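K.L.:
Pasting a structure here, questions to come.
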Amino acid sequence: MKQRFSALQLLKLLLLLQPPLPRALREALCPEPCNCVPDGALRCPGPTAGLTRLSLAYLPVKVIPSQAFRGLNEVIKIEISQIDSLERIEANAFDNLLNLSEILIQNTKNLRYIEPGAFINLPRLKYLSICNTGIRKFPDVTKVFSSESNFILEICDNLHITTIPGNAFQGMNNESVTLKLYGNGFEEVQSHAFNGTTLTALELKENVHLEKMHNGAFRGATGPKTLDISSTKLQALPSYGLESIQRLIATSSYSLKKLPSRETFVNLLEATLTYPSHCCAFRNLPTKDYSSMLAESELSGWDYEYGFCLPKTPRCAPEPDAFNPCEDIMGYDFLRVLIWLINILAIMGNMTVLFVLLTSRYKLTVPRFLMCNLSFADFCMGLYLLLIASVDSQTKGQYYNHAIDWQTGSGCSTAGFFTVFASELSVYTLTVITLERWHTITYAIHLDQKLRLRHAILIMLGGWLFSSLIAMLPLVGVSNYMKVSICFPMDVETTLSQVYILTILILNVVAFFIICACYIKIYFAVRNPELMATNKDTKIAKKMAILIFTDFTCMAPISFFAISAALKVPLITVTNSKVLLVLFYPINSCANPFLYAIFTKTFQRDFFLLLSKFGCCKRRAELYRRKDFSAYTSNCKNGFTGSNKPSQSTLKLSTLHCQGTALLDKTCYTEC
């Protein structure tokens, strides 16, 4: 106990013997001529001769009261920083400081409120900075009344300010002003926000919650010459007040997908944007008519050539790339007409085939079932072309303003899915139809090996699953549909994307060769080798040649150029590839319903029988009914019975002749 008491006495003695803090250190906490009351108010009365800079940091004060700096007429700069206890700045705190040119209020996170009228009558103020505070409301700077040119107002990193109100800067300065309003919590800029100012530059960058800028935000203002809205969520710029802009900066502004009319940017010299397509707006920007101005001047009779007199195209970045040139979806006017004709033909033709086949009174056979699948695939291709044509007509002349919404939105993804799904299902079904015809003719007398409907359903289910999977891969990151305006999966930046594209193209080429080989085999199977070439043989050959030619015309150009592009050796531009898209790519979708259905006698029979149900073409339908009945009774009378059964060779020859007749009629869904 005594030992503890003696230790306490020794500690007290040491404290008494400790020398006082140096005066300089004590003054650093509260510099002259200020009076810093802990948890109280800061007062720095004057006058103080020779004091031009006042730095207030790490002070224990809560309030900067009215007239806190009264009399400090020689002070040029006041800096308030790192005062965590500061909560409020009262009205008239900075009042009538006639020589004050800089005020910095920074890193005071507990500063909640700057009262209106805190900054009054500061005629020589050039720079006012309020950064990294906790204020909830935009500070009142309307009574500054500065007369200095190139005035700079910096309000940054104030995360609790959500609005720039109307007339927020009126009365602040009557000369040129630069507003650095970055990194705040702004969500909205109200109408007439910049009224009464002459703006040299306006920086709204890094206001990551800023979504709305009122259309009249610049009403009553002159300028700005430079506008920076980088890293904001602005979805649109005001259409009024952009005529003075010479430099526009909008990097990482991913929500800004549409710009105002390009005619509003008449003085623009430089633009740094987020999307390359927006630079297309400034390619043909209208410029002032300098020639008429010079014609009216005294220089009109001079022989001169000055570069500065020539209108200039604004510099813009990033530049449009090869995948997205400055053009509409349909680069040529004749393509715009053709795509409408082709998509209407594909949609109407395949809808007709589907309707007739599905409503026919005859049972659903394997060829009919396969034809239904082919028609549906080609119908989807028609829908893709219709979607592309519709968007092109809506965005004609202004596609640069719609490119981002279209290519990154659900519309392009839907169109891309349709075209890949339709293309692959069509190729798959054509291959199955050809193999089924070849199998039926080759094994005509082996009825037990005939393809049944249940087998065909399973085969086509596999085709649907395969086509759906191929079409969905770009939606989950294997290539993508947003690379080009026509929504093809043309992104081959990664190895996986290259493999994906090449796999599709190689499978299509293999399918084409299978189709060719089967048709050649079919031709030699139905041709009677014991007779000389007849007219029927020639017709069959011609029909097969048409089928192979349409497949080749559709697949060959697309596959050739697509494979070269997938290997990153493009041989054709995106603009020219649109010619392939319209003239070659949909050939099968248009031709298939005619070659495989509409031109055949069996389809025509079904078609007229269907029309007769609605009271049309009854006489023609009756002829088909009589013909069917006559054929049925003839088969019954002449059928093979009893001991008159045919030999195997006779049966096979008869069957092959029947299959040849079917091909002659261009049918792929009629059985003998």
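The values are calculated or read from the model by the stated rules, or taken from the named source; none is laboratory data. Quick caveat: nothing in here was measured; it's all calculated off a predicted structure. Cβ atoms come from the backbone with ideal geometry, glycine included; neighbour counts cover every protein chain shown.
K.L.:
Which of the residues spanning the stretch 566-606 are crowded, with 21+ Cβ neighbours inside 10 Å, modelled with pLDDT under 75 and more than 17 Å from residue 365 (Cα to Cα)?
P.N.:
Residue satisfying the conditions is 566 alone.
K.L.:
Being more than 30 Å from residue 320 (Cα to Cα) and among the small types (Gly, Ala, Ser) is true for just one of 479, 467, 485. Which residue is that? Walk me through it before giving the result.
P.N.:
On the way: 479 fails: more than 30 Å from residue 320 (Cα to Cα); 485 fails: more than 30 Å from residue 320 (Cα to Cα).
One residue alone meets the criteria, 467.
K.L.:
Looking at the stretch 513-537, I want the residues that are modelled with pLDDT of 55 or more and have a partner that is among the hydroxyl-bearing types (Ser, Thr, Tyr) and assigned to a helix (DSSP H, G or I) with Cβ atoms under 8 Å, at least 6 apart or on another chain. Which pairs are those?
P.N.:
Here the result reads 514/431; 514/434; 515/431; 515/434; 518/434; 519/434; 521/442; 525/442, each pair linking the stretch 513-537 to a residue that is among the hydroxyl-bearing types (Ser, Thr, Tyr) and assigned to a helix (DSSP H, G or I).
K.L.:
Would you check if there is a residue in the stretch 178-187 being in contact (Cβ under 8 Å) with a residue 24 or more places away in the chain and closer than 20 Å to residue 258 by Cα? Even if it seems obvious, please write down each step before you answer.
P.N.:
Step one: list which residues in the stretch 178-187 are in contact (Cβ under 8 Å) with a residue 24 or more places away in the chain, which gives 178-187.
Those still in the list that are closer than 20 Å to residue 258 by Cα too: 187.
Yes, because at least one residue in the stretch 178-187 is in contact (Cβ under 8 Å) with a residue 24 or more places away in the chain and closer than 20 Å to residue 258 by Cα.
K.L.:
Ok, one more. Mind checking whether some residue in the stretch 477-493 is of a type in the set (A, V, I, L, M, F, W, C), assigned to a helix (DSSP H, G or I) and in the same structural domain as residue 418 (by the TED database)? First the steps, then the outcome.
P.N.:
Filtering the stretch 477-493 down to residues of a type in the set (A, V, I, L, M, F, W, C) leaves 478, 482, 484, 486-488, 490, 492.
Remaining after also requiring assigned to a helix (DSSP H, G or I): none.
Scanning the stretch 477-493 turns up no residue that is of a type in the set (A, V, I, L, M, F, W, C), assigned to a helix (DSSP H, G or I) and in the same structural domain as residue 418 (by the TED database).
K.L.:
Just to be sure, is residue 75 surrounded by 15 or more Cβ atoms within 10 Å (Cβ to Cβ), of a type in the set (Val, Ile, Thr), in contact (Cβ under 8 Å) with a residue 24 or more places away in the chain and closer than 13 Å to residue 99 by Cβ?
P.N.:
Values: surrounded by 15 or more Cβ atoms within 10 Å (Cβ to Cβ): yes; of a type in the set (Val, Ile, Thr): yes; in contact (Cβ under 8 Å) with a residue 24 or more places away in the chain: yes; closer than 13 Å to residue 99 by Cβ: yes.
Taking the combined requirement at face value, the residue satisfies it.
K.L.:
Okay, next question. Of all residues in the stretch 538-552, which are at pLDDT 70 or above and either of a type outside the set (Phe, Trp, Tyr) or exposed (fewer than 12 other Cβ atoms within 10 Å of the Cβ) (or both)?
P.N.:
Taking the stretch 538-552 and keeping what is at pLDDT 70 or above, we get 546, 549-550.
Across the stretch 538-552, the qualifying residues are 546, 550.
K.L.:
Out of the stretch 163-214, which residues are charged (D, E, K, R), more than 30 Å from the chain's Cα centre (by Cα) and surrounded by 17 or more Cβ atoms within 10 Å (Cβ to Cβ)? Spell out the reasoning first.
P.N.:
In the first step, residues of the stretch 163-214 are kept if they are charged (D, E, K, R); the result is 175, 180, 187-188, 203, 205-206, 211-212.
Retained after the next criterion (residues that are more than 30 Å from the chain's Cα centre (by Cα)): 175, 180.
Of everything in the stretch 163-214, just one residue is charged (D, E, K, R), more than 30 Å from the chain's Cα centre (by Cα) and surrounded by 17 or more Cβ atoms within 10 Å (Cβ to Cβ), namely 180.
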